[in-house]
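Each remark here refers to the structure printed beneath this line.
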Amino acid sequence: MRAPVNFWAGKADVQIVLTVPGSPLLEVEKEGARVATAKDREAVVEKILQVVDAEKIHYEDSAFAAKVRASYCPDRLCGFDPDPADQESLYAKSDDPGAVEKLSSALGDTPGVHFVFPVRPDAL
């Protein structure tokens, strides 16, 4: 068995998962939670650029996320089945070692943002 490598490792340091239909935030009716719109994505990108010195920002829609997850284990030797990815994310590359904490704090209650976390080398 082999462990798959995260597609985004080296390309990004921070993943900002956007809120999509069926998100747990919507199910618990968190105040201000809503499905991310194009304007929400633009606002998140602006906030990323204000908070950290981002070299690159990538947008991953659910179709691309599904392709990435399927590529993690095309031969089924990984010991897991990648489930379908019904998510959208922004990925930011920054030299700032505190980027995850800064962005998590800055984006915590931003409409359309579900979660902020670091990009790890392993895909699991």
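Bear in mind these aren't lab numbers, they're just calculated from the coordinates by the rules spelled out. Bear in mind the structure is a predicted one, so any value in this text is a computation, not a measurement. Using ideal geometry, Cβ is built from the backbone for each residue, glycine included, and neighbour counts are taken over all protein chains shown.
For Lys93, the lysines whose Cα falls under 22 Å of its own Cα, not counting residues fewer than eight places away in the same chain, are Lys11, Lys39, Lys47, Lys56, Lys67, Lys102.
Peptides 86-99, 47-60 ordered by packing proxy, namely the average of other Cβ atoms within 10 Å per residue, highest first: 86-99, 47-60. The slack in the chain from Glu101 to Ala38, taken as 0.36 nm per residue of separation less the alpha-carbon distance, amounts to 20.2 nm. The calculated FRET efficiency for Val5 paired with Lys47, based on their beta-carbon distance and R0 = 22 Å, is about 0.15.
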